[in-house]
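Every read-out reported here was derived from the displayed coordinates using simple, explicitly stated rules and does not represent laboratory data. If you're wondering where the values come from, they're calculated on a predicted model, not measured in any experiment. FYI the Cβ positions are ideal-geometry reconstructions off the backbone, even for glycines, and counts take in every protein chain you see.
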Amino acid sequence: MKKTIFVSMLLLLLTAVCMAQTPDYTFNPNLSPIKYGVEFFTEEGHGSHRAVVEVKEPSRAVLAHLEWRRHDTDPDSKGVVVENAKGQVVNSASFNVTDMTGDVVFQADTPGKYYIYYMPFYPTHSYFIEKSEYFSPVSKADKGWLSNNALDGDTVDLSGFPKAEQIEIQSKDDFNSFYPMEVPASDEEIAQMTKNITTPYMVFAEDRLFQIRMKKNVPYKWYKSGEVTSFTGTAQPNEIYTFQIGVYALEDIEGLTVEASDFGSIK
């Protein structure tokens, strides 16, 4: 089940409104522990996000243990769709789905790349009238395939399956990408980040390039950087320069205020 992290305690202050810019998807371990990328694919029947995995040898059933670091509500209530490199849907079933990781077993008749769409839905004709619904987590795989691979019982042993390698997490375009500010830190990482903090909250000064979006999760970027209490930026003449201050509360706080002043004698 999804673990809610200090739902009522994450506050966003002075969030900047700025022009959308294309993220740099070069792997940076200070922004995310997993690789992200963008490659267009159709939304219908897929959704906007997928994991790319590599299969070395063909097998009737392969296990992909995915680190997807999701912040959507109830990830275990959503199904998965797996396609091969030709765009053909293959038999699959998901297990042990949490916000951080999930296990997907799928049929791999040929080696190569497979695409695991983990938030699939069929979009409505109008986003303003009817809400699209995610696929059910109930597997639509062939019952014979499920039975032959012992995937239809109340308890399933995944230890004997050959493993696929996770290559990257992809979105269908930059607009839908979770990278980097919607890549959440785990509970263990948050505990490590806060273990030596003696104040009731932590402050994170953030550049406008990294828009603070999540209200219920802490970005992995903050776990890696630790508290950031100062900010430096370069503004052009007559520019209205925006930046952000994120406050992560370690306990319930009330009456939090923000004071601003000019730069005085600073040149």
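Rounded to the nearest 0.05, what FRET efficiency do ILE253 and THR155 give with R0 = 35 Å and r taken as the Cβ-Cβ distance? Could you check? Kindly include the intermediate steps, with their values, before the conclusion.
Numbers: r = 44 Å, r/R0 = 1.26.
Computed FRET efficiency for ILE253 and THR155 comes out at 0.20.
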> For the chain, which longest stretch is free of loop sites, where a loop site is one of the GluC sites (Glu not before Pro) that DSSP puts outside H, G, I, E and B and that has at most 14 other Cβ atoms within 10 Å?
Replying inline: 134-238
>> Calculate the FRET efficiency for ASP174 and SER147 from the Cβ-Cβ distance with a Förster distance of 51 Å, rounded to the nearest 0.05.
In response: 0.75
> Along each of its three principal axes, how wide is the spread of alpha-carbon positions in the range 103-188, in whole angstrom units, largest first?
Replying inline: 44, 33, 32
> Taking only C-alpha pairs under 8 Å that are 6+ residues apart, what is the relative contact order of the chain in percent?
Replying inline: 30 percent
>> Can you compute the label reach from ASP187? Point 7 Å from Cα along the Cβ direction, backbone N cut-off under 16 Å, restricted to the range 217-238.
In response: 217-218
> Karplus couplings for the range 72-80 from phi (6.51 cos²θ - 1.76 cosθ + 1.60, θ = phi - 60°), rounded to Hz, Gly and Pro as x?
Replying inline: 6, 6, 6, x, 6, 8, 10, x, 10
> Taking square-rooted eigenvalues a ≥ b ≥ c of the alpha carbon gyration tensor, is the range 196-258 rounded, prolate or oblate, where a/c under 1.5 means rounded and, failing that, a/b exceeding b/c means prolate?
Replying inline: prolate
>> Explain nothing, just compute: Karplus ³J(HN,Hα) = 6.51 cos²θ - 1.76 cosθ + 1.60, θ = phi - 60°, for every residue of the range 38-54 in order, whole Hz, x for Gly and Pro.
In response: 10, 8, 5, 8, 5, 6, 5, x, 10, x, 10, 9, 8, 9, 9, 10, 10
>> Run through the range 56-135 and list the chymotrypsin sites (Phe, Trp or Tyr not before Pro) located in a DSSP loop whose Cβ has at most 12 other Cβ atoms within 10 Å.
In response: TYR127, PHE128
>> So if each residue of separation counts as 0.36 nm, and I subtract the Cα-Cα distance between PHE27 and PHE263, what length gain in nm does that give?
In response: 81.3 nm
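How would SER225, SER177 line up from fewest to most surrounding beta-carbon atoms within 10 angstrom?
Values: SER225 14, SER177 22.
By the 10 Å Cβ count, ascending: SER225, SER177.
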>> With Kirkwood's inverse mean 1/r over C-alpha pairs for Rh, give me the Rg to Rh ratio of the range 112-264, two decimals please.
In response: 1.09
> So between GLU54 and SER136, what do we pick up on full extension, going 0.36 nm a residue minus the alpha carbon distance?
Replying inline: 27.0 nm
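If you filter the range 173-220 for chymotrypsin sites (Phe, Trp or Tyr not before Pro), then keep DSSP loop positions with at most 13 other Cβ within 10 Å, what is left? Walk me through the intermediate numbers first.
Details: sites: PHE175, PHE178, TYR201, PHE204, PHE210, TYR220; in loops: PHE175, PHE178, PHE210.
The qualifying sites are PHE175.
How high is the relative contact order of the range 30-180, in percent, with contacts defined as C-alpha pairs under 8 Å that are six or more residues apart? Don't skip to the end; give the middle numbers.
Numbers: 326 pairs, mean separation 61.7, N = 151.
Reported relative contact order: 41 percent.
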> What's the long-distance tail for the chain, i.e. % of Cα pairs beyond 24 Å?
Replying inline: 56 percent
